[in-house]
Amino acid sequence: MLVLAIESSCDETAAAIVRDGREVLSSVVASQADTHAIYGGVVPEIASRMHIESIFSVVDSCVKQASLHTSDIDAVAVTAAPGLIGALLTGLSFAKAAALALDKPVVPVHHIKGHVAANYIAFPELEPPFFALVISGGHTLFADVRDYDEMEILGSSRDDAAGEAFDKVARVLGLPYPGGKAMDELRALADPKAESYRLPRPEFPDAPLDCSFSGLKTAVINLYHNALQKGVELDRALLSRSFHEAVADVLVPRAINGARACGRNILAVAGGVAANSYIRQRLTQAAEKEGIKLYIPPLSLCGDNAAMIGSAGYYAYLAHGGAEFDLNAYATMSPSETF
Ligand code: KG4
Ligand code: ZN
């Protein structure tokens, strides 16, 4: 089954053609990051307008790169939640129109299920059930993936997502948006012998898989501003490394403990922050120590793309078929819900 997939939930306009949920025939991603960088973050209205400008050419080049004719497409999958509503509606409207023109079903996909499905593309042998850690710009959650289209959220951030914290701290340190990658590079420059800055690692005894990154972000900002007021030079690389250590100290044990609590010995990681070299390294060490099989997609499949939506869309279609044409988009929606 050939699925044309469309992703436009934030600041990437993306299209892909995926066969049977696993094989990517083509994948095109047009990032708006350079434009939003001018404003230090995503400006929703600009995002919607840029999606409408580029969606046709992105889909067109994706179909051409796959050496297909549009009549070969069996279904159109599209991210319908969660995300910026204007951005989602652009992709959804295009997907409905394409499905109608091709007389094929339109399949709504939850963006988080898409991130998890990036692992099905990268690792042909991976099958549910498994435990998942999703770390993106908008979400940080721990989920038991029971089946291809069924997951239960067992913990999440109570405030900022990990990626959001990366971006906000990066901004304070004078790094360009989106700051995750630049933070990663800055961390590598820290003196390995220097003692880390002390930063919080909050716990929630009543919900051991919940986490919080807003206090961590504030602690970094306070450190930075106090140093500035005292005229003390702050070690930015060391601060980045200390921040990374705090984030990993929160994420890694929860991922391992969550997998254990669900009786899973497979852990799959997904989302833009899964591209972080230090978090990858810490997860690899912990999984090896605990005898857990770890899957983390290559960097190209961590950030937003439509190939992952094509994979999740295939499995969503097998589970539920196509949607009605009055399908709407939703800015927020839990991945345990269905459309
Ligand atoms: O999954 P994603 O592309 O979009 C959302 O669904 O939100 O994630 C984007 C996030 C941004 O916050 C970005 O700074 C972060 O992923 N990111 C990273 C790295 N590369 C991207 N964070 C830490 N280290 C990286 N290497
Ligand atoms: Zn995403």
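The values are calculated or read from the model by the stated rules, or taken from the named source; none is laboratory data. No experiment lies behind these values; they were computed from the predicted model shown. Positions of Cβ are backbone-derived with ideal geometry, glycine not excepted, and every protein chain shown enters the neighbour counts.
Okay, here's what the table says:
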item: Yes/no for Ala118 being touching a helix residue (DSSP H, G or I) at 6+ places or on another chain (Cβ under 7 Å), away from ligand 1 (no atom under 13 Å from the Cβ) and closer than 15 Å to Ala312 by Cα; result: no
item: Segments classed as helices (runs of 4 or more DSSP H), wholly inside the stretch 237-339, with at least 1 members that are more than 30 Å from Ser93 (Cα to Cα); result: 277-290
item: Qualifying residue in the stretch 82-102 (condition: among the β-branched types (Val, Ile, Thr), within 18 Å of Cys302 (Cα to Cα) and in contact with a strand residue (DSSP E or B) (Cβ under 9 Å, 6 or more places away or on another chain)); result: no
item: Residue match in the stretch 112-124 (condition: out of contact with any Lys or Arg (no Cβ under 8 Å at 6 or more places or on another chain) and more than 16 Å from ligand 2 (Cβ to nearest atom)); result: yes
item: Candidates Ala319, Ala268, Ala255, Ala259 - the one that is within 27 Å of Asp20 (Cα to Cα) and away from ligand 2 (no atom under 16 Å from the Cβ); result: Ala319
item: Among the residues listed as Gly83, Gly91, the single one being over 22 Å from Leu209 (Cβ atoms) and near ligand 1 (Cβ under 10 Å from one of its atoms); result: Gly83
item: Residue selected from the stretch 135-165 under the condition closer than 22 Å to Ala237 by Cβ and touching a Lys or Arg at 6+ places or on another chain (Cβ under 9 Å), by the criterion farthest from ligand 2 (Cβ to nearest atom); result: Ala165
item: Only listed residue being farther than 14 Å from Glu7 by Cα, of a type in the set (Val, Ile, Thr) and within 16 Å of ligand 1 (Cβ to nearest atom), chosen from Val63, Val78, Val109, Val134; result: Val134
item: Residues that are free of Cβ contacts under 8 Å to residues at least 24 places away in the same chain and of a type outside the set (Val, Ile, Thr), drawn from the stretch 42-56; result: Arg49, Glu53
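This table checks each residue for (1) buried (at least 22 other Cβ atoms within 10 Å of the Cβ); (2) under 29 Å from Gln32 (Cα atoms); (3) among the aliphatic types (A, V, I, L, M); (4) at pLDDT 95 or above.
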residue	(1), (2), (3), (4)
Asn257	no, no, no, yes
Ala261	no, no, yes, yes
Asn265	no, no, no, yes
Gln285	no, no, no, yes
Glu288	no, no, no, yes
Leu294	no, no, yes, yes
Leu299	no, yes, yes, yes
Tyr314	yes, yes, no, yes
Leu318	no, no, yes, yes
